[in-house]
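Just so it is clear, none of the values below were taken in a lab; they were calculated from the coordinates. Just so it is clear, the structure is predicted and the values come from calculations on it, not from any experiment. So basically every Cβ, Gly included, is an ideal-geometry build from the backbone, and we count neighbours across all protein chains shown.
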């Protein structure tokens, strides 16, 4: 009991999040015969991979005390660019993959460079990027454009055992990030930068390089999400990505990551993503009207912020 109480206190947010997920699963099972079916859980986990992949990148940035408001716009732009380059041709699949991920890396470099050398707040930098990337996307097209290749379309329905390949990819990346944050010097630097940037700098931590790392990873994961959306939609849809930045921030906060940086992790972020996914799935199963779905989702966001407590030195 002596050891259990400190553990419960340290992990109270995680326990609360996963307990709430359990409660919603029970409610879903009692409310709909379709909720616990293999098909529903397959689709639920596959859809979770989309927001989950981007939320992991957002988590890395927030852990350093930053934020990325451009994620949704970058996903949108990535969908359009990859669809145009691919053009329905199998021969262009690899080229589209390289160009789209290269675009993500470039955006990450630009973000980190402006934050590092012009000393502008990440909020302002990525807000401006949100507007610019969204504008670029809408200038490319305001209606569906381009076409996915056959290989891209098949990828969406691929399975590994009972799980969708997209969900397995999300889990693999999550496991890699758990290792990075817990077992590598780079991971320790991320937490140190988020804890106190000035102390980290005086301690000899290369804070500029750490920022480059997290912002590039965040943008790469956003572009990868754009490729995943193309595999689902089959065309470059300019409506994709709207509101994704808010969803990822919500998932990260629900999972217990501090908005000031320095505290949080992958397990909590996964919990936040699953909570939002199960909630959305449950509301569809219960045939909750769209306007009420928005109210409920908004209440979850407010509750997640209200439950958040931060003690600053």
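What FRET efficiency do you get for residue 141 and residue 43 if R0 is 22 Å and r is their Cβ-Cβ distance, rounded to the nearest 0.05?
It comes to 0.20.
Once the Cβ-Cβ distance between residue 33 and residue 158 is put in as r, and R0 is 25 Å, what FRET efficiency do you end up with, to the nearest 0.05?
That pair, residue 33 with residue 158, gives E of 0.35.
Kirkwood-based Rg over Rh for region 151-191 (C-alpha set), two decimals?
Rg divided by Rh gives 1.22.
Relative contact order for the chain using alpha-carbon pairs under 8 Å, separation at least 6, rounded to a whole percent?
34 percent
Which whole number in µm²/s is D for region 36-307 by Stokes-Einstein, with the Kirkwood Rh taken over Cα pairs at 37 °C and 0.692 mPa s?
Taking Rh from Cα pairs, D becomes 173 µm²/s.
Most mobile of 291, 58, 47 per a Gaussian network model of the chain (Cα springs, under 10 Å)?
It is 291.
Ordered by packing density, taken as the mean number of other Cβ atoms within 10 Å over each peptide's residues, highest first, how do 169-175, 106-112 rank?
Per-residue Cβ counts within 10 Å, averaged per peptide and sorted highest first, yield 106-112, 169-175.
From the P(r) of region 194-313, can you give the percent of Cα pairs sitting at distances over 20 Å?
58 percent
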